[in-house]
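First up is the structure itself, then whatever we jot down about it.
Derivation of every value follows stated rules applied to the coordinates shown; laboratory data play no part. Just so it is clear, the structure is predicted and the values come from calculations on it, not from any experiment. All Cβ positions, glycine included, derive from the backbone under ideal geometry; neighbour counts span all protein chains shown.
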Amino acid sequence: MCVWCLGSLMKEDRIQGVGQLRNAECGLRNNDSFRNPKSEIRNREDHRVVITGLGIVSSIGIGKEAFWENCLRGTSGIKPIRGFDVGAYQSCLGAQIPEIDFKAFIKPANLRRMDRIGKIVVSSVRLAIDDSGLNLKGEDSNRVGISIGTGLGSSDTVDQFFRSLLKEGPIGAAPLLFQTAVPNAITSHCAIEYGIKGVNITFSHKESSTEMAMVFAYHLLKEGRTDIMFAGGGDELSEPLYHVYSMLGVLSPGRRKGIEGMRPFDQDRNGIVLGEGSGILVLETLEHAKKRGAKIYAEMAGVGLSGSIDGLLRYDLKGDSIARAMSLAAQKLGTVDYISAAANSTPDLDRAEALGIKKVYKERTKEISVSSFKSMVGEFDGSGGVRACGLALSLYQGMIPPTIGTKHLDPQCDLNVILGQSKKMEIRSAILNGCSNGGSNISLWFKNYSSP
Amino acid sequence: MRKRVVITGLGVVSAVGNSLPEFWQSLIEGKDGIKEITVFDPSAYRTKIAAEVSHLDPEAHFSKKEIRRLSRCDQFGLIAFREAWKSARLDQDSHDKERVGVVLGAGSGGILSVEKYFRDFYQGTKKSPPSLLISYSLATTTDHIAIESGLRGPRTTTATVCSSSSASIGVAYEMIQMGLADVMVTGGSDSLCEVSYSGFSSLKLVDPENCKPFDKRRQGLVIGEGAGVLILEEREHALKRKAPIHAEFLGFGICADAYHLTAPEPNGEGVERVVRIALAHAGVSPEEVDTINAHGTATPFNDIAETRGIKRVFGERAKEIPISGIKSMIGHCLGSAGGIEAVATVMTLETGVIPPTIHYEVPDPLCDLNYTPNQSVKKDVRVALSNSFAFGGNNVCLVFRKFDERG
């Protein structure tokens, strides 16, 4: 029994007849640092953080096996848009996930409370739990948390809600729609579905949303504030979103010349193709993972964040900020063999990222393999989750999937981009970049767990 | 050792004042900022009130071109940021811009602009400029602030709506702990819009008269708007440049009820946990807590759950701790609620005045604590908590302490 709870608990038991709380339920472990908060709590713990589970729902596969097979083959998830009419737009492609029977992942009673993005993310958490072999019932639920990133969350639900409001006035506003329309509903769905009572947070910052979710989870684990974190997230491709992206002129080909498609680092790249999906990492402290004999895909060993200030819809133009995020993330830059790029087939970002990589690695640049998962799954704000799962698999399997669609490398992006075919190689450590327009740049550093 | 973090700047835009001195004066006088809505036509709604920001002349702060580009939410955020930035004397002192970041909390963000675009689009009456869609992302205000002042440190946006800007303060604190920044701009900004107004309305959570937290007659929340921005700074960095220090930020708790999408866990178990986690993180014992800035939305369930949670942590002593529910004056500002309330909590520590919960007349047997009814109270406070709870039981509790250069 935790000493802090004793007094109030005994009173509570008499007053409200609340059943006796187990120590675990008060959120504090019965250890000395909590008994004597003044002297010890301010000491920072320093844990190693490892990736022990992957949950992927993507346009090129549900579950890590299907996803990885398609990655290595260089399969594109990009197809003509299904589900709504694209006649009014100058683009017609998207990387949509196939029809899924969500009943396979989520309790039917809970399904009806969730909208599509909720179902997608909750399913990816289910896949991650299964893949990690975790028995959540056996864990202290206060020490299990979730950190989700989503750029636009329930954009479709918000749109439905707004249209019903326009059509019928306030009477038409449906409470069920509203409660799922808030961005953190996705995270709440997961917490309720799996009884995750620890840390619970949602980030929404354009294309670096999910990267930030992983940064926060990593930091709390490192400091020993939690044992297990589900980190990642995703986005859905909805009609209102397609409309907004199209009107803002970021879709390929939009008002530009050329053929529609994703081709990161290509000299003829002309914008993004929207995708969707969700990827969840199970992050755990090394002690906890070892204790339960978990399979370890890779170690998450560092994070770097920086901001660029080139404009509200502009990426980092000169690559300085991207370079700084990468340098901050990887304490041993010399061991980095692979960079999973944020390059999204826009003229600006791909050039800036190439500049950033060259600024960091100088003459070593050509030794570092670079590829963009976005070439297969499209670009979406919450793509970091899926890409991080891919990177963990790359480290674990020693394979780098190709960047597809790219034929003529832009001379300004003269990196060692893996084109056409996947490449087998031992990766000591790797960087995942997430760069948002407006200028939030985040790099995550993953290490091969078996390498020293 | 963890780094110690202090607050060196504050800025506010709210229904009861568009600057820190005006805001604080109104709070301690118990001024009600709730009135009839003007930003959209409320005639079709059962309730017609909100805590709307008024007497704010955008042209006094922005050029015509900027006004066209900035959503109402961006404007509030920028105005509060500029006040906080200046009060922290960061406009004069030299600092490394690469080590200054921004983490804001968002609620509905610039949806007011997006609503305007889509209303015209769906009704087909006229064509609105696509530039209104820039506000589609919740990150827009955060980016505006960073770009305006050239801040090149870490940047992100939290999106847990009603607890967003409290969570953002926790995240900003961790950015300093991670060694990525010396100074963080944090808090949040939010503006009224029909989507959130009709949403809370549809859930029958809005009081048609006024906002009366913890009172037996309470019927629900009243939506507000505004911005609350705090400058968090690593203590040594602040001392070195002799910055004005308002208070120390000791730590925070964050957890989930994992109970229901909208309703809080009724016994206050989630509230208890988040407060305990926060106290443990801050290294403070429950006996040291002198005041609590409550979430106090005035919805029937929230206030009971929060009261129960506080009792579960503090036992008999709970009745002695003055609690204030300032949503009675500034409404529930959603994405900026936690930020504005954190500003008020810091001011309480600095000035020794606890703002009241106004419209408190009829005690509720289920809410039987000291809510500082109607009159502010003078008390020397050393440790203060600020609670924020969101939909889905996303709970955050922040712990602040009076600044002491020797301690």
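Among A:223-230, B:54-61, A:314-321, how do they line up by average Cβ neighbours within 10 Å per residue, starting with the highest? Please report the intermediate quantities before stating the final value.
Numbers: A:223-230: 24.5, B:54-61: 11.1, A:314-321: 21.6.
Per-residue mean Cβ counts within 10 Å order the peptides as A:223-230, A:314-321, B:54-61.
Taking the Cα centre of chain A as origin, sum charge times position over the Cβ atoms of Lys and Arg (+1) and Asp and Glu (-1), and report the length of that vector in debye to the nearest 20.
600 debye
Partner chain Cβ atoms within 10 Å, averaged over the residues of A:310-320 - can you pull that number for me?
Numbers: counts 1, 2, 11, 4, 2, 0, 1, 0, 0, 0, 2.
If you average over the peptide's residues, the count of other-chain Cβ atoms is 2.
Go from 0 up to the bin containing the longest alpha carbon distance in the protein assembly as shown, width 20 Å each, and give me the % of pairs per bin.
Result, from short to long distances: 17, 53, 28, 2 percent.
Once a ≥ b ≥ c are taken as the square roots of the eigenvalues of the Cα gyration tensor of chain B, is the result rounded (a/c under 1.5), prolate (a/b larger than b/c) or oblate (a/b not larger than b/c)?
Details: a/c = 1.62, a/b = 1.06, b/c = 1.53.
Oblate shape, in that a/c is at least 1.5 and b/c is the bigger or equal ratio.
Residues with beta-carbon under 10 Å from that of residue A:365, excluding residue A:365: net charge, scoring Lys, Arg +1 and Asp, Glu -1? Before the final figure, lay out each step's value.
On the way: positive: A:358, A:359, A:362, A:364, A:366; negative: A:363, A:367, A:414.
Here the charged neighbours net out to +2.
Taking the Cα-to-Cβ direction at residue A:408 and at residue B:361 and moving 7 Å from each Cα, how far apart do the two end points lie in nm?
7.8 nm
HN-Hα J couplings of the stretch A:302-310 from phi, Karplus 6.51/-1.76/1.60, θ = phi - 60°, integer Hz, Gly and Pro as x?
Couplings: x, 9, x, 10, 7, x, 10, 10, 8 Hz.
What is the antiparallel percent of DSSP beta bridges lying wholly in chain A, to the nearest 5?
On the way: 42 of 65 bridges.
Just about 65 percent of them are antiparallel.
Of A:63, A:282, A:411, whose Cα points farthest to the positive end of the dipole of chain A (charges on the beta-carbon: +1 Lys, Arg; -1 Asp, Glu; origin at the Cα centre)?
Ranked along the dipole, the leading option is A:282.
Per 0.36 nm of contour for each residue apart, how much would the distance between residue B:368 and residue B:131 grow if the chain were fully extended, relative to their Cα-Cα spacing?
Numbers: separation 237, 0.36 × 237 = 85.32 nm, distance 5.04 nm.
Net length gain for the segment: 80.3 nm.
Tell me, rounded to the nearest percent, the portion of alpha carbon pairs in the stretch A:50-291 spaced more than 30 Å apart. Don't jump to the answer; show the numbers that get you there.
Working: 8555 of 29161 pairs.
Beyond 30 Å sits 29 percent of the P(r) for the stretch A:50-291.
For B:247-255, what's the mean count of beta carbons from other chains sitting within 10 Å of each residue's beta carbon?
Values: counts 0, 0, 0, 1, 2, 0, 3, 10, 12.
Mean shielding count: 3.
If r is the Cβ-Cβ distance from residue A:135 to residue A:104 and R0 is 25 Å, what FRET efficiency results, to the nearest 0.05?
Values: r = 20 Å, r/R0 = 0.80.
That gives a FRET efficiency of 0.80.
Just rank A:136, B:192, fewest to most, by other beta-carbon atoms within 10 angstrom. It would help to have the intermediate numbers written out before the result.
Numbers: A:136 13, B:192 27.
Result, fewest neighbours first: A:136, B:192.
With a sphere of radius 15 Å drawn around the Cβ of residue B:338, what net charge do the other residues whose Cβ falls strictly inside it have (Lys, Arg +1; Asp, Glu -1)? Write down the numbers at each step before the final one.
Working: positive: B:327; negative: B:190, B:225, B:306, B:341.
Counting the neighbours of residue B:338, the net charge comes to -3.
Which of B:404, A:348 comes first, and how do the rest follow, when ranked by fewest Cβ neighbours within 10 Å? Walk me through the numbers before you get to the answer.
Numbers: B:404 10, A:348 17.
Starting with the residue having the fewest Cβ neighbours, the order is B:404, A:348.
Sequence-distant or interchain residues sharing an amide H contact under 5 Å with residue A:275, placed H: which?
It is A:95, A:379, A:380, by chain and number.
Each residue of the stretch A:241-256 in order: what ³J(HN,Hα) in whole Hz does its phi give by Karplus 6.51 cos²θ - 1.76 cosθ + 1.60, θ = phi - 60°, with x for Gly and Pro?
For the stretch A:241-256, the Karplus-derived couplings read 5, 4, 4, 4, 4, 5, 5, 7, x, 9, 6, 7, x, x, 8, 8 Hz, x marking Gly and Pro.
Per-residue Cβ counts within 10 Å, from other chains only, averaged over A:172-181: what number is that? Don't jump to the answer; show the numbers that get you there.
On the way: counts 2, 10, 3, 9, 4, 2, 10, 9, 4, 6.
Other-chain Cβ atoms within 10 Å of each residue's Cβ, averaged: 6.
Each residue of the stretch B:379-384 in turn: what ³J(HN,Hα) in whole Hz from Karplus with 6.51, -1.76, 1.60 and θ = phi - 60°, glycine and Pro shown as x?
7, 7, 10, 9, 10, 10
Go through A:229, A:250, A:208 and say which Cα lies farthest out towards the positive end of the charge dipole of the stretch A:195-253; charges sit on Cβ, +1 for Lys and Arg, -1 for Asp and Glu.
Among A:229, A:250, A:208, the one farthest towards the positive end of the dipole of the stretch A:195-253 is A:229.
Please label the shape of chain A as rounded, prolate or oblate, based on the square roots a ≥ b ≥ c of the eigenvalues of the alpha-carbon gyration tensor (a/c under 1.5 means rounded; beyond that, a/b larger than b/c means prolate, else oblate).
Because a/c hits 1.5 or more and a/b fails to exceed b/c, chain A counts as oblate.
Which of B:297, B:372, B:351 moves the most in a Gaussian network model of chain B with Cα springs under 10 Å?
Fluctuation is largest for B:351.
Among the lysines, select those whose C-alpha is under 24 Å from the C-alpha of residue A:107, and discard any that sit fewer than 8 residues away in the same chain.
A:64, A:119, A:137, A:197
Taking 7 Å along the Cα-to-C-beta vector as the label spot, tell me the residue B:43-residue B:242 distance in nanometres, rounded to one decimal.
About 6.1 nm, to one decimal.
Summing Lys, Arg as +1 and Asp, Glu as -1, what charge do residues with Cβ under 10 Å from the Cβ of residue B:404 carry, residue B:404 excluded?
On the way: positive: B:382, B:401, B:402, B:406; negative: B:248, B:405.
Local charge sum for residue B:404: +2.
For every helix of n ≥ 4 consecutive DSSP H residues, a contribution of -39,500 (n - 2.57) applies; sum these over chain B, divide by its total residues, and give [θ] at 222 nm rounded to the nearest 500 deg cm²/dmol.
Values: 12 runs with 132 residues, N = 407.
For chain B, the value works out to -10000 deg cm²/dmol.
Return A:235, B:190, A:266 ranked ascending by Cβ neighbour count within 10 Å, so the fewest neighbours appear first. Present the calculation step by step, with values, prior to reporting the outcome.
Values: A:235 32, B:190 39, A:266 24.
Ordered by Cβ neighbours within 10 Å, fewest first: A:266, A:235, B:190.
Mind checking which lysines have their Cα closer than 16 Å to the Cα of residue A:366? Skip sequence neighbours fewer than 8 apart in that chain.
Cα-Cα hits under 16 Å: A:358, A:423.
List every residue whose amide H lies under 5 Å from the amide H of residue A:266, counting only residues 5 or more places away in sequence or on a different chain, with H placed 1.01 Å from N in the peptide plane.
A:410
May I ask you to list the aspartates and glutamates whose Cα is less than 13 Å away from that of residue B:378, ignoring any residue fewer than eight positions away on the same chain?
Cross-link targets: B:29, B:290, B:350.
Per residue, how big is the convex hull around the C-alpha atoms of the stretch A:303-447? Give it to me in cubic angstrom, could you? If you can, show how the numbers build up before the last one.
On the way: hull volume 13.3 nm³, N = 145.
Enclosed volume per residue, from the Cα hull, is 91 Å³.
Treating the beta-carbon of each Lys and Arg as +1 and of each Asp and Glu as -1, no other charges, what is the dipole magnitude of the stretch A:50-291 about its Cα centre, to the nearest 20 debye?
On the way: 26 positive and 27 negative charges, 25 e Å.
That gives the stretch A:50-291 a dipole magnitude of about 120 debye.
My understanding is that a pair violates if its Cα-Cα distance is over 23 Å; which of A:206/B:127; A:407/A:447; A:222/B:3; A:167/B:48 do that in this structure?
Working: A:206/B:127 26 Å; A:407/A:447 30 Å; A:222/B:3 15 Å; A:167/B:48 20 Å.
Where the Cα-Cα span goes over 23 Å, the pairs concerned are A:206/B:127; A:407/A:447.
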